[in-house]
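Peer 1: Okay, handing you the structure first.
A short reminder: the numbers here are calculations on the coordinates, not readings from a lab. All of these numbers come straight from a predicted model, not from anything done at the bench. All Cβ positions, even for glycine, are placed from backbone atoms using ideal geometry, and neighbour counts span all protein chains on display.
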Amino acid sequence: MTMQDPKETEAELVAAVTGAETLEALEQVRVAAIGRKGRVTDLMKSLGAMTPDERRTAGPLLNGLKDRISTAIDTRRAELEEAALEARLQEEHIDLTLPTRPEMVGSVHPVSQVTEEIIAIFADMGFTLAEGPDIEDDFHNFTALNMPPEHPARQMHDTFYLSGEQDGTRKLLRTHTSTVQIRAMMSQPPPHRIIVPGRTYRSDSDITHTPMFHQVEGLVIDRTTHMGHLKGCLIEFVRAFFDVDDLPYRFRPSYFPFTEPSAEMDIGCARSDGELRIGAGDEWLEILGCGMVNPRVLENCGIDPNEYQGFAFGMGIDRIAMLKYGIPDLRAFFDSDLRWLRHYGFSALDVPTLAGGLAR
Ligand code: PHE
């Protein structure tokens with residue numbers, strides 16, 4: 001049987017491999033050389049028709065040829081892949097030093113702005129900022145707050161539970177920022193004077209509820225703080241926040257498992273022609289829940305209720321942002337609609353301070 005000189009075949013194939021300019025071209029060369037019907041494969045098949053003597057010399061020759069062609073293909077493939085990556089990096093290069101386009105300047109979301117405003121007011125009263133995790137456990141969200149398993153108040157929370165852990169416990173998305181009361185009291189001895197803004201979650205969705213919303217929690221614990229301080233602090237807050245000096249308010253008795261006594265605070269407003277005005281009027285708007293920290297909560301955190309006492313409050317940030325800036329639909333807060341953001345957003349340079357002003 002006559003066959004082409006393997007040396008010539010090798011030279012031709014290597015030339016084809018190194019000459020392949022793209023990965024696709026290289027693949028064609030590979031199939032034509034060592035694919036199922038490739039030239040090298042054909043040569044290998046011809047071994048079967050040879051005499052044992054012929055095979056003894058041709059076998060190693062052809063195997064060596066096949067190995068060298070495979071290696072050449074792999075080398076070329078690596079080169080081409082590297083070149084392709086390099087080209088892509090060049091093409092997708094972003095010049096971070098380019099100036100911003102004026103029409104593309106972002107704005108501060110009302111929730112961020114209002115959070116900063118709230119922090120500025122309470123910081124001025126001597127509160128420090130605290131935080132806690134969004135993913136919580138049953139203890140911090142309920143049990144420590146005097147809501148043991150089966151407590152009816154748990155049902156009002158429409159809790160999102162995460163799938164169960166190995167030990168049978170389930171984590172949850174915190175339903176209120178009151179969790180951070182517990183974290184603060186368990187991590188440091190009193191006194192405490194903290195303000196805690198953050199995300200909260202409840203399985204609820206309509207024009208005034210979104211599954212994720214924002215709350216701010218306040219907590220004061222020391223030896224002497226009483227209900228009068230609670231009222232004074234919150235009255236001062238609403239008047240500064242809404243910038244109405246004689247803003248009418250009232251405290252209505254209420255119930256929370258973690259405070260005793262508990263109250264809800266309303267502020268005065270007037271509604272005319274579908275317009276809502278915060279201030280003197282004949283209507284009330286509920287804006288927060290509050291109360292003296294329940295002695296049982298103090299005990300749950302290892303604090304002696306005969307020595308320490310204080311108050312806590314919790315307020316919906318989104319809601320008071322809507323009231324202050326006349327934003328009608330809560331759901332629009334989380335739609336990421338650029339037109340809405342441009343309309344209701346704040347300048348990034350407009351940092352709220354008590355001296356510089358809280359509003360635009
Ligand atoms: N955690 C309560 C709620 O989400 C609000 C609250 C906080 C009430 C602190 C009293 C004291 O409704």
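Peer 1: Give the residue from P211, W284, L61 lying farthest towards the positive end of the charge dipole for the chain; charges sit on Cβ (+1 for Lys and Arg, -1 for Asp and Glu) and the dipole is referred to the Cα centre.
Peer 2: Working it through, the farthest residue towards the positive pole turns out to be L61.
Peer 1: Taking the chain as a Gaussian network, where each spring joins two C-alpha atoms under 10 Å apart, which residue of V216, V105, V196 fluctuates the most?
Peer 2: Among V216, V105, V196, the largest GNM mean-square fluctuation belongs to V105.
Peer 1: At 10 °C and 1.306 mPa s, grab the translational diffusion coefficient of segment 229-325 from Stokes-Einstein with a Kirkwood Rh over Cα pairs, rounded to a whole number in µm² per second.
Peer 2: 109
Peer 1: Still on this model: Compute the whole-percent fraction of alpha carbon pairs in the chain spaced more than 32 Å apart.
Peer 2: 54
Peer 1: Okay, moving on. Taking R0 as 35 Å, what's the FRET efficiency between H226 and R271 from their Cβ-Cβ distance, rounded to 0.05?
Peer 2: 0.50
Peer 1: With the dipole of the chain worked out from charges on the C-beta (+1 for Lys and Arg, -1 for Asp and Glu) around the Cα centre, which of Q155, I121, A72 lies farthest toward the positive end?
Peer 2: After comparing all options, I get A72.
Peer 1: With θ taken as phi - 60° and the coefficients 6.51, -1.76 and 1.60, list the Karplus ³J(HN,Hα) couplings across segment 73-88 in order, rounded to whole Hz; mark glycine and proline as x.
Peer 2: After applying 6.51 cos²θ - 1.76 cosθ + 1.60, I find 5, 4, 4, 5, 4, 4, 4, 5, 5, 4, 5, 5, 4, 4, 5, 5 Hz.
Peer 1: Say each of E103 and K37 gets a label point 7 Å from the Cα, pointing the same way as Cα to Cβ; how far apart are those two points in nm?
Peer 2: My value for the distance between the label points is 5.8 nm.
Peer 1: PRE reach from L338 (point 7 Å along Cα→Cβ): which of segment 97-118 fall under 14 Å by backbone N?
Peer 2: Within reach of a label on L338: 101-107.
Peer 1: Can you compute the helix-only [θ] at 222 nm over the chain? Use -39500 (n - 2.57) per DSSP H run of at least 4 residues, normalise by all residues, nearest 500 deg cm²/dmol.
Peer 2: Computed ellipticity for the chain at 222 nm equals -12500 deg cm²/dmol.
Peer 1: Straight-line reach from K7: which aspartates and glutamates have Cα under 19 Å away, leaving out those fewer than 8 places along the same chain?
Peer 2: The qualifying aspartates and glutamates are D42, E54, D67.
Peer 1: A further question on this structure: Counting other beta carbons within 10 Å of each Cβ, put T259, T75 in order, fewest first.
Peer 2: Details: T259 25, T75 12.
By the 10 Å Cβ count, ascending: T75, T259.
Peer 1: Now, a different point. Considering amide H positions built from the backbone, and no H for Pro or chain starts, which residues 5 or more places from T259, or on another chain, come under 5 Å of its amide H?
Peer 2: Hits under the 5 Å cutoff: N294.
Peer 1: Using alpha carbons only, how many degrees (0 to 90, rounded to 10) separate the axis of helix 227-242 from the longest principal axis of the chain?
Peer 2: For 227-242 against the chain, the angle is about 60 degrees.
Peer 1: So how do 79-88, 206-215 stack up, highest first, on mean other-Cβ count within 10 Å?
Peer 2: Ranking the peptides 79-88, 206-215 by packing returns 206-215, 79-88.
Peer 1: Sticking with this one: Please determine, in degrees from 0 to 90 and to the nearest 10, the orientation of helix 6-19 with respect to the longest principal axis defined by the Cα atoms of the chain, where the helix direction is its Cα long axis.
Peer 2: 30
Peer 1: Additional query: Can you find, among L13, S262, A87, the residue sitting farthest towards the positive end of the charge dipole of the chain, where Lys and Arg contribute +1 and Asp and Glu -1 at Cβ?
Peer 2: Sorting the options by dipole projection puts first L13.
Peer 1: Can I ask one more? Compute the long axis of helix 110-124 from its Cα atoms, compare it with the longest principal axis of the Cα atoms of the chain, and write down the angle in degrees, 0 to 90, nearest 10.
Peer 2: 50
Peer 1: If you place +1 on the Cβ of every Lys and Arg and -1 on the Cβ of every Asp and Glu, how big does the dipole about the Cα centre of the chain come out, in debye to the nearest 20? Walk me through the intermediate numbers first.
Peer 2: Details: 36 positive and 56 negative charges, 125 e Å.
That gives a dipole near 600 debye.
Peer 1: Sticking with this one: Let's see if you can work this out: charge +1 on each Lys and Arg Cβ, -1 on each Asp and Glu Cβ, no other charges. What is the dipole magnitude of segment 2-157 about its Cα centre, in debye to the nearest 20?
Peer 2: 1400
Peer 1: Taking the Cα-to-Cβ direction at Q28 and at L47 and moving 7 Å from each Cα, how far apart do the two end points lie in nm?
Peer 2: 3.0
Peer 1: Moving on. Tell me the volume per residue, in Å³, of the convex hull enclosing the alpha carbons of segment 8-100.
Peer 2: Each residue corresponds to 85 Å³ of Cα convex hull volume.
Peer 1: Under the Karplus relation 6.51 cos²θ - 1.76 cosθ + 1.60, θ = phi - 60°, what is the ordered set of whole-Hz ³J(HN,Hα) values for segment 41-53, x standing for Gly and Pro?
Peer 2: With coefficients 6.51, -1.76 and 1.60, one gets 4, 4, 4, 4, 4, 5, 4, x, 8, 8, 6, x, 5 Hz.
Peer 1: Check cross-link reach from K37 to the lysines: straight Cα distance under 19 Å, and skip same-chain residues fewer than eight apart.
Peer 2: Those lysines meeting the cut-off are K45, K66.
Peer 1: Follow-up question, since we're still on this one. P(r) for segment 316-360, please, calculated from all Cα pair distances in 5 Å bins and given in %.
Peer 2: Taking all Cα pairs of segment 316-360, the binned fractions are 5, 18, 27, 26, 18, 6, 1 percent.
Peer 1: Identify all lysines with a Cα-Cα distance to K324 below 27 Å; exclude those on the same chain that are fewer than 8 residues away in sequence.
Peer 2: K231
Peer 1: Another question, if that's okay. Based on alpha-carbon atoms only, what is the radius of gyration of segment 92-180 relative to the globular estimate 2.2 N^0.38 Å?
Peer 2: 1.69
Peer 1: Tell me, what HN-Hα J-couplings in whole Hz come from the Karplus equation 6.51 cos²θ - 1.76 cosθ + 1.60 at θ = phi - 60° for each residue of segment 188-200, using x for Gly and Pro?
Peer 2: Those phi angles translate into 8, x, x, x, 10, 8, 10, 10, 10, x, x, 7, 9 Hz.
Peer 1: Which three extents, in angstrom, do the Cα atoms of segment 111-261 have along their principal axes, listed largest first?
Peer 2: 53, 41, 29
Peer 1: Quick one: if you stick a label point 7 Å off each Cα along the C-beta vector at S347 and R170, how many nm between them?
Peer 2: For the pair S347/R170, the computed spacing is 4.9 nm.
Peer 1: In segment 111-261, what % of DSSP beta bridges are antiparallel (nearest 5)?
Peer 2: Of the beta bridges lying entirely in segment 111-261, close to 90 percent run antiparallel.
Peer 1: Taking Rh as the Kirkwood radius, which is the inverse of the mean 1/r over Cα pairs, what is the Rg/Rh value for segment 33-157?
Peer 2: Answer for segment 33-157: 1.51.
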